[in-house]
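The block underneath contains the structure these notes are about, expressed in C-alpha cells.
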Amino acid sequence: MMRHLISAADLTRDDAVLILDTAEEMARVADRPIKKLPALRGRTVVNLFFEDSTRTRISFEAAEKRLSADVINFAAKGSSVSKGESLKDTAQTLEAMGVDAVVIRHGASGAPYRLATSGWIDATVINAGDGTHQHPTQALLDAFTMRRRLVGRDTGLGQDLEGKRVTVVGDILHSRVARSNVDLLHTLGAEVTLVAPPTLVPVGVEHWPCEVSYDLDRVLPKSDAVMMLRVQRERMNAAFFPTEREYSRRYGLDGDRMAKMPEHAIVMHPGPMVRGMEITAEVADSDRCTVVEQVANGVSIRMAVLYLLLGGNEPAVTHSRTEEK
Amino acid sequence: MSKILIRGAKVLGGEPQDVLIDGSEIAEVGQGLSAEGAVVVEAEGKVLLPGLVDLHTHLREPGREDSETVLTGTRAAASGGFTSVFAMANTFPVADTAGVVEQVWRLGKESGYCDVQPIGAVTVGLEGKKLAELGAMHESAAGVTVFSDDGKCVDDAVIMRRALEYVKAFGGVVAQHAQEPRLTEGAQMNEGIVSAELGLGGWPAVAEESIIARDVLLAEHVGSRVHICHLSTAGSVEIVRWAKSRGIDVTAEVTPHHLLLTDELVRTYNPVYKVNPPLRTERDVMALREALADGTIDIVATDHAPHPHEDKDCEWGAAAMGMVGLETALSVVQHTMVDTGLLTWAGVAERMSLTPARIGQAAGHGRPVSAGEPANLTLVDPAYRGPVDPAGFASRSRNTPYEGRELPGRVTHTWLRGRATLVDGKLQ
Amino acid sequence: MDSQDSGVARPVLEGPDIARVLTRIAHEIVERAKGAEDVVLLGIPTRGVFLGQRLAAKLEEITGRKIPVGSLDITMYRDDLRMHPPRALARTDIPGDGIDGRLVVLVDDVLFSGRTIRAALDALNDIGRPRAVQLAVLVDRGHRELPIRADYVGKNLPTSLRETVKVQLAEEDGRDAVLLGAKPTAPAGER
C-alpha cells in the first residue's frame, strides 16, 4: 500500500480515478456554510517548505484545515535550515514532535523521495514539488480540471481522460509540472504532446509516453486542452532562446492562436502567469482559461490526497513503482 | 626479516608454484620449495599477483582528515591488495607546492602500509589559471612525476598545452580529469533517459569526450604523453582508440565502478551513487569492459574518494561526489572482467600493477613475480563469495555503492617489500 | 460475492413486504409530522438513499406535495475511521432549501449498534440546525451500543450476534429482500 505521494508516476489508473472522485465529493464541502470535515481530527501535518511558494502552501493549508488536521507551517527561510541544518535533522526534529505527515517542497529533485525512504522519519510524505522532478498534486488538480471541463462533473465520476488530447507548452526541461502531467495523463489514457523550443526539451524525452513538437500552430487545432507553462526570466541569460519577444512570438498563446483551438478546448496554466510572455492578457482573462478554477480545484485535490493517505489506519491508494526502486 | 614460503599459489593465475620471500625480496620461485624456519602460507587455489598499484586515490590529508588520513587510506589500500598508491592533489591546502607533496610523502613513509606517491597539482590551487611549480615538486623528496588537477579539468587549452610541454623536461605526465566546465554546470548525473525522468541536471558524455579529443590532439601536436583519468563513456573509448591508432602517446584509466554500475541506480536518489564522472549507461559499461580487455584502456584506477557519512546522508543535490574503492576494486574487476572471461589474472596484473607502475614510474612496483624482484605481492582467494560489509572497512569512510552486494574474491595477504601488511584478511 | 450472503440466508421480507412497510412508514410520518410540511428526507448511503427516495415518492403520493430528499454521507464521521483503510466517499446531497428549522428524517436500511446514526447526527451538525431529527429504518435488529432508537421501524427483527442481516434493493442489487443468515465462523487467526 502507498504511504506517500512522491511521483505522479506511482499512481495507477484506479488510484488516480479514486483521488479525482474523492476530490469531487470534497469540492462540495466548499459550498457548505461550514467548510469543515472531521477526517483528520487529531492528525498533525507539517508544511515543510524549503522554497517559497505561497500558492501551494496555502492550498495545502486550506485542505488540511478543512479536514480538521492540526497544521504546522515550517518555512526554511529564516529558520535553522538556512543556518546549515540538514534535511535529515529537520526531519528527525519533526518526527520527535510526532507529526503524522510532512508536505514537502524542496529545491533538490528527489528530496521527498529521500525523506520517505531513508528511514529518517516515519511520517507520510507528500511531495509538494521537488526541484525539476515532480509535483504530483498539481498534475492531479490539472487532470481534475480537465475531467470536469471535458467530461463533466457528475458524468466524469469513475471516468479517466481516455482519448483527450493535451498539449503542454513551454519550459519542459525545467518543469516538474510537465513531468508530473506527462506521467499522470498517460496513466489516465490521454494523449500528450509537448511543445517547446528544442533547447527546453530534455535529452531523453523520446522515452517519455508523449509526442514532442516544435510547432505550436500545428498542434493547437488538435488539442482539447492547452497547458501553458511559465518561462522564467532567468532562462533568458542561458541562451535557451534569443529574446523574450521571439519566444512569445513562436510559443506564446494569444487570441489569434486560441482561435485555432477547437471550440470546446480549454487553456490551462499552473500559475503564476507571466502575462505578455507565454500568455496574453486576452487569453488569460477569457472564460476558456481555467487558471482560477485550477486554484479552487487544488484545495479539493489536496483534501482528497490527504484523506486517502491519512484518513484511515492505512492508506487507500495502492502502490506500484516507488517502492520497487 | 624472516623468510616466508608461499606454497602452491597460482602465480598470475598460472600453474601452482611455491614462492620464497627472503627479507624484502623474492628469493626463489619454483616447485616443491622448502626453507628452514620460514613462515609457511598455504596458498592452494589462491592467485598470487604483484602488489597492486593505484594511480588515482584520494587520501584527503591534509585538510579532510574527517574522511580519510594517509594512515587510514594506506591501511585500506593494503586491505585491498595495493602496495603503492598515488595520492591526488585536491587536498586543503592543495598539493601544488613542494612543501605539501613532501608532507604527504612523509606521512606515507610513516604509515608503513603502502607506498604513497603524491600527485602534484597542474595549476595553482587547481584553479586552471597559472602553472604550479611542477619542477620543484618533481625535484622535492617526493619526486613527483604525475600531475593532475583531478576534480577539476584543466579546461584552458593554452594552460593544458603548456603543462603537457613543460613536464617533458623531467619525464612527467599530466593526468587530465576530462570535464568541460560550461557543459556540466549544475550537473548531477549522466544526461540521458534517467536524468530526464528524475529531473536531475545532466552531465553529457560530450563534456568528457570533447576534452579528451582536444587533449590527445594537443599531446600529438607538442609530442607529449597524456594520461586520461577515469574514462566513463563509449565515445571516450572510441577517441582513445583512434588516438592510439595514430600513435599518440596516450594512456587511459577506468574505475571499477564504471565497469559495473549504471545510471539506473540513481533512481533510488541514494547519493552513494553520486560520483564524478557520473555512472553512465549499460552500453558505456560494456564498451569500457571491452576497451580494458583489448588494451585501449590501459589500467584500472580506483578514484577512491572517501566522504564522511553526513556528506552522503542527505538529499542528492546536496551530497558530495565520490565513492570509496580501494577495498573492493579487485573484487569488482574479478566480477566484471575475470569471471566474464574478458581478462586473465595475468591481464589483471598488467592493468592493476605493471602498467600503472610504469605510467607513474613507481620504482620497485609492478615487477614480475620472479627471483631478485622486490617482494611486493598480493594473494587473492578467487573462490570467495560474500556480501560487501562496509563496517569491516579499514578506510575511515563508508561511502561504498556495493554495501550488501555479493562480490567474488578476497585479498587474503599483502606483502610490502617482504613485510606482511595483511594476513588472512587482517591488517598487521 | 460477499461470503456472508452465501450459505443459508433466508428471506424475512420479500419485495411486496418492503413496499408495504414503506407505505406504512410514509403514513406514520405524515401523521406524526402533521402533514409532513417541513419534512426533509436524508438517506444514508448506500441503501438508505434508495429507501429515502422511495419514501419521498410515497409521501408525495399521500400529500400531493414535492418532498425534499437527499443523501448524507457519514464516512468521515465514523468512530471506526482509523480502524480501516479510508473508504471511498459517498455523495452528500442536501436539498436546495437546506435543513435549518426543518424536520429531518434520516433513512437507513438496518439499525444495529446505533453508531452509524450517531455519525449521521454529527454530520448533520456540520450542515445546519434542524427543528428536529427523526429516524426511519427498514429493519431494527437490536443490539444497540448507544442510546439511540428509531422513530419509524419497518420490521423489528430479533437476532443473535451470530446472525447477519442483509438488505437488498432493486436499485443496487437487482431485487428487493431482507435476508437473515448465519455469520460464517472465521478461521482461527482472523479474529
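Here, each number is a calculation from the coordinates, and none is a lab measurement. Given the structure is predicted, the values throughout are model-derived calculations rather than measurements. We place every Cβ from the backbone using ideal geometry, glycine too, and count neighbours over all the protein chains shown.
Tally Lys/Arg at +1 and Asp/Glu at -1 over every other residue whose Cβ is under 15 Å from the Cβ of residue B:106; what's the total?
Once positives and negatives cancel, what remains is -3.
Provide a whole-number value for the mean count of partner chain Cβ atoms within 10 Å of the Cβ atoms in peptide C:86-94. Kindly include the intermediate steps, with their values, before the conclusion.
Details: counts 16, 6, 6, 14, 1, 5, 5, 1, 3.
Per-residue shielding by partner chains comes out at 6.
If you fit an axis through the alpha-carbon atoms of helix B:205-222 and take the longest principal axis of the Cα set of chain B, what angle between them do you get, 0 to 90°, nearest 10?
The two axes meet at around 80 degrees.
Rounding to the nearest 20 debye, state how big the charge dipole of chain B is about its Cα centre with +1 on each Lys and Arg Cβ and -1 on each Asp and Glu Cβ. Spell out each step's value before the answer.
Details: 38 positive and 57 negative charges, 95 e Å.
With Lys and Arg at +1 and Asp and Glu at -1, about 460 debye.
Fewest Cβ neighbours within 10 Å first, please rank B:79, A:86, B:84 accordingly. Each step should come with its number before you reach the end.
Details: B:79 23, A:86 16, B:84 28.
By the 10 Å Cβ count, ascending, the order reads A:86, B:79, B:84.
Between segment B:342-379 and segment A:260-288, what is the C-alpha centre distance in whole Å?
Here the two parts' Cα centres lie 69 Å apart.
With only Lys, Arg, Asp and Glu charged, each at its Cβ (+1 for the first two, -1 for the last two), find how big the charge dipole of the protein assembly as shown is about the Cα centre; round to the nearest 20 debye. Provide the component values of the computation, followed by the final result.
On the way: 106 positive and 130 negative charges, 444 e Å.
Dipole of the protein assembly as shown, to the nearest 20 debye: 2140 debye.
Helix B:234-245 against the longest principal axis of chain B: what's the angle in degrees, Cα atoms only, rounded to the nearest 10?
The angle comes out near 70 degrees.
So if I take the centroid of the Cα atoms in segment B:87-160 and the same for segment B:270-340, what is the distance between those two points in Å?
The two parts, judged by their Cα centres, are 23 Å apart.
Contact order normalised by length for chain A, with contacts defined as Cα pairs under 8 Å and 6 or more residues apart; what percent is it? Present the calculation step by step, with values, prior to reporting the outcome.
Values: 626 pairs, mean separation 76.4, N = 325.
Computed over chain A, the figure is 24 percent.
Give me the compactness ratio for segment B:52-360, meaning the Cα radius of gyration over 2.2 N^0.38 Å.
On the way: Rg = 17.8 Å, N = 309, 2.2 N^0.38 = 19.4 Å.
Here the Cα radius of gyration is 0.92 times the empirical estimate.
Under a Cβ-Cβ cut-off of 10 Å, what is the net charge of the residues other than residue B:21 that fall near it, where Lys and Arg count +1 and Asp and Glu count -1? Don't skip to the answer; put the middle values down first.
Working: positive: B:3, B:417, B:419; negative: B:22, B:25, B:28.
In short, 0.
Which of these, A:124, A:137, A:93, has the largest mean-square fluctuation under a Gaussian network model of chain A (Cα springs below 10 Å)?
Of the options given, A:93 has the highest mean-square fluctuation.
So what's the angle, to the nearest 10 degrees on a 0 to 90 scale, between helix B:98-111 and the longest Cα principal axis of chain B?
In chain B, helix B:98-111 runs at an angle near 30 degrees to the longest axis.
Would you mind giving the three semi-axes, in whole Å and largest first, of the ellipsoid equivalent to the protein assembly as shown according to its Cα gyration tensor? Show your work: numbers first, answer last.
On the way: eigenvalues 1006, 234, 95 Å².
In descending order, the three semi-axes are 71, 34, 22 Å.
Just to confirm the filter: which GluC sites (Glu not before Pro) across segment A:170-271 are DSSP coil and have at most 15 other Cβ within 10 angstrom of their Cβ? Before the final figure, lay out each step's value.
Working: sites: A:191, A:206, A:211, A:234, A:244, A:246, A:263; in loops: A:263.
For GluC sites (Glu not before Pro) across segment A:170-271 that sit outside H, G, I, E and B with at most 15 neighbouring Cβ atoms in 10 Å, the list reads A:263.
What per residue convex hull volume, in Å³, comes out for segment B:284-412 when only alpha-carbon positions are used?
139 Å³
Explain nothing, just the number: relative contact order of chain B, from Cα pairs under 8 Å at least 6 residues apart, as a whole percent. Before the final figure, lay out the partial values.
Details: 1090 pairs, mean separation 85.4, N = 428.
Relative CO of chain B lands at 20 percent.
What are the equivalent ellipsoid semi-axes of segment A:99-241, built from the alpha-carbon gyration tensor (square roots of five times its eigenvalues), in whole angstrom, biggest first? All intermediate terms of the calculation are to be shown ahead of the outcome.
Working: eigenvalues 140, 103, 27 Å².
Sorted largest first and rounded, they come to 26, 23, 12 Å.
Seen from all sides and averaged, what is the projected area of the convex hull of the Cα atoms in segment C:10-182, in nm²?
Numbers: hull surface 39.8 nm².
Hull-based average projected area comes out at 10.0 nm².
Take every DSSP beta bridge whose two residues both sit in segment C:117-191, then give the antiparallel share in percent to the nearest 5.
60 percent
Nearest 500 deg cm²/dmol is fine: what mean residue ellipticity at 222 nm does the protein assembly as shown get from its DSSP H runs of n ≥ 4 alone, each adding -39,500 (n - 2.57), divided by its residue count?
Details: 26 runs with 265 residues, N = 944.
Counting only the DSSP helices, I get -8500 deg cm²/dmol.
So which helices of chain A fit the span-like rule, where a helix is a whole DSSP H run, its Cα atoms reach 24 Å or more along the axis, and its mean Kyte-Doolittle is at least 0.0? Walk me through the numbers on the way to the answer.
Working: long enough: A:13-29 (25 Å, 0.04); A:291-310 (28 Å, 1.44).
Helices meeting the span and hydropathy rule in chain A are A:13-29, A:291-310.
Counting DSSP beta bridges with both partners in chain A, what percentage is antiparallel, nearest 5? Provide the component values of the computation, followed by the final result.
Details: 1 of 36 bridges.
Rounded to the nearest five, the antiparallel share is 5 percent.
What's the local net charge at residue B:203, with K and R +1, D and E -1, over the other residues with C-beta under 14 Å away? Numbers along the way, then the final one.
Values: positive: B:182, B:274, B:280; negative: B:180, B:185, B:191, B:208, B:209, B:263, B:284.
Computed value for this residue: -4.
If all Cα-Cα distances of chain A are sorted into 10 Å bins from 0 onward, what percent lands in each bin, rounded to whole numbers?
6, 27, 35, 23, 9, 1
Just to be sure I understand: of the beta bridges DSSP finds with both ends in the protein assembly as shown, what percent are antiparallel, rounded to 5?
Details: 42 of 127 bridges.
Counting DSSP beta bridges with both partners in the protein assembly as shown, the antiparallel share is about 35 percent.
Non-local amide H neighbours of residue B:18 (under 5 Å, H modeled in plane, Pro and chain starts lacking H): which ones?
B:8, B:30, B:31, B:32, B:33
Could you pull out every one of the aspartates and glutamates with an alpha carbon less than 16 Å from that of residue B:109, ignoring same-chain neighbours closer than 8 positions?
Excluding near neighbours in sequence, the set is B:61.
Relative contact order, percent, of segment A:97-177 when contacts are C-alpha pairs under 8 Å separated by at least 6 residues? Could the numbers behind the result be given before it?
Values: 90 pairs, mean separation 22.0, N = 81.
The normalised contact order for segment A:97-177 reaches 27 percent.
Treating only the Cβ of Lys, Arg, Asp and Glu as charged (+1, +1, -1, -1), what charge dipole size does segment A:191-254 show about its Cα centre? Round to the nearest 20 debye. Before the final figure, lay out the partial values.
Numbers: 8 positive and 10 negative charges, 53 e Å.
The calculated dipole for segment A:191-254 is roughly 260 debye.
Only sites in a loop by DSSP and with at most 11 other Cβ atoms within 10 Å count here; which GluC sites (Glu not before Pro) in segment B:182-235 make the cut? Present the calculation step by step, with values, prior to reporting the outcome.
Working: sites: B:185, B:191, B:197, B:208, B:209, B:220; in loops: B:185, B:191.
Answer by residue number: B:185.
Taking the alpha-carbon centroid of each part, what is the distance from segment C:113-191 to segment A:134-167 in angstrom?
Using only Cα atoms to place each centre, the spacing works out to 37 Å.
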